[in-house]
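The values are calculated or read from the model by the stated rules, or taken from the named source; none is laboratory data. Predicted model only: the values in this text are computed from it and were never measured. Don't worry about glycine lacking a Cβ; one is built from the backbone with ideal geometry, like all the others, and counts go over all protein chains shown.
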Amino acid sequence: MELRLNIENATPEDLARGIAAAEAVFARAGITALQGAEGLFALEGWDIKGFPEDDKPTEDENQAATVWLEADEAATTACCAGWPEDRIPRHQVMELINVPRTKLQAEALPDTWPARKQLYPDVVKRLEVTAGPDRQIDFDIAFVLGWVPERPTLDRVEPLSEDGDRIPFFTSDVAQVEEMARKALKDWTIEIDRDPCDAHVFDPAAGDDDDEFRRAAWRDFDGSLHMEKPPANPAIALTLAMMRGQSMHFE
């Protein structure tokens with residue numbers, strides 16, 4: 001998770017200054033931004049319910065919410081330093097967003113990074129040509145993304161992720177893949193075609209030249225094809241588009 005500020009006309013330098021100020025507030029309070037956000041969520045939920053006596057936020061949640069609001073104010077003050085008063089927002093500007101998991105796991109599992117980096121292009125190529133669901137590809141994707149500490153194989157007991165979950169069915173369960181994609185890319189558009197199978201993921205706020213924010217499984221946005229035949233099924237198509245989007249982390 002990472003902090004983001006929604007302040008109109010702020011420069012990247014302004015936003016970075018604001019984020020740093022907010023992070024300093026959390027550090028002084030000895031809590032994480034996530035704890036602050038959860039505290040605020042509990043407080044706002046209690047408000048929405050009409051302040052029932054039997055469902056009050058805990059003292060820790062109240063304190064965390066207070067810290068979040070202080071961090072939000074500090075972020076605004078730092079980001080908008082020197083601005084005219086009429087340009088400074090008077091509402092909450094801070095939110096906590098998901099970061100694609102690979103970006104975090106590349107640092108979290110440094111010992112396996114060389115092997116994962118080497119395996120990444122092979123996984124993409126196999127997704128392009130596989131004729132259908134392939135559990136070994138599922139395993140390899142989980143390893144490449146850093147979800148398991150070592151590369152699983154079909155002849156061994158299937159490992160669980162660090163959260164205790166089974167490795168996702170990347171090549172067969174389109175609903176599961178779509179759910180993961182929407183959690184990782186909340187503000188992005190996800191399009192899945194079934195005849196022929198294809199998938200596109202893109203940030204609608206990005207420009208036409210921002211290829212980093214537009215990924216396709218088979219037919220690219222300019223009409224060119226990534227490979228001769230479309231993916232074997234919608235789950236593979238969406239997984240392939242998502243894996244292409246991870247390429248910047250494996251360069």
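Observations
- Per-region count, the stretch 10-25, residues over 22 Å from the mean Cα position of the chain (by Cα), assigned to a helix (DSSP H, G or I) and without any contact (Cβ under 8 Å) to a residue 60 or more places away in the chain: 4
- Residue within the stretch 87-95 that is assigned to a helix (DSSP H, G or I), modelled with pLDDT of 90 or more, over 26 Å from the mean Cα position of the chain (by Cα) and over 17 Å from Gly36 (Cα atoms) present: no
- Residue satisfying all of: in the stretch 99-143; at pLDDT below 70, in a loop (DSSP other than H, G, I, E, B) and surrounded by 14 or more Cβ atoms within 10 Å (Cβ to Cβ); nearest to the chain's Cα centre (by Cα) among these: Pro100
- Residue within the stretch 195-212 that is modelled with pLDDT under 90, among the aliphatic types (A, V, I, L, M) and surrounded by fewer than 19 Cβ atoms within 10 Å (Cβ to Cβ) present: yes
- Among the residues of the stretch 1-9, at least one is assigned to a strand (DSSP E or B), at pLDDT below 85 and surrounded by fewer than 19 Cβ atoms within 10 Å (Cβ to Cβ).
- Looking only at the stretch 145-179, and only at residues there that are in contact (Cβ under 8 Å) with a residue 40 or more places away in the chain and of a type in the set (A, V, I, L, M), the one that is nearest to Pro231 (Cα to Cα): Val174
- Scanning the stretch 24-40 turns up no residue that is at pLDDT 90 or above, surrounded by 15 or more Cβ atoms within 10 Å (Cβ to Cβ) and of a type in the set (Lys, Arg).
- Inspection of the stretch 184-192 finds a residue satisfying the criterion of being more than 27 Å from Leu96 (Cα to Cα), assigned by TED's automatic domain parsing to the domain that holds Asp222 and surrounded by 13 or more Cβ atoms within 10 Å (Cβ to Cβ).
- Test result for Glu178, exposed (fewer than 14 other Cβ atoms within 10 Å of the Cβ), in the same structural domain as Arg244 (by TED's automatic domain parsing) and either out of contact with any Ser or Thr (no Cβ under 6 Å at 6 or more places or on another chain) or under 24 Å from Trp147 (Cα atoms) (or both): no
- Subset of the stretch 44-67 (residues that are part of a helix (DSSP H, G or I) and modelled with pLDDT of 85 or more): Glu59, Asp60, Glu61, Asn62, Gln63, Ala64, Ala65, Thr66, Val67
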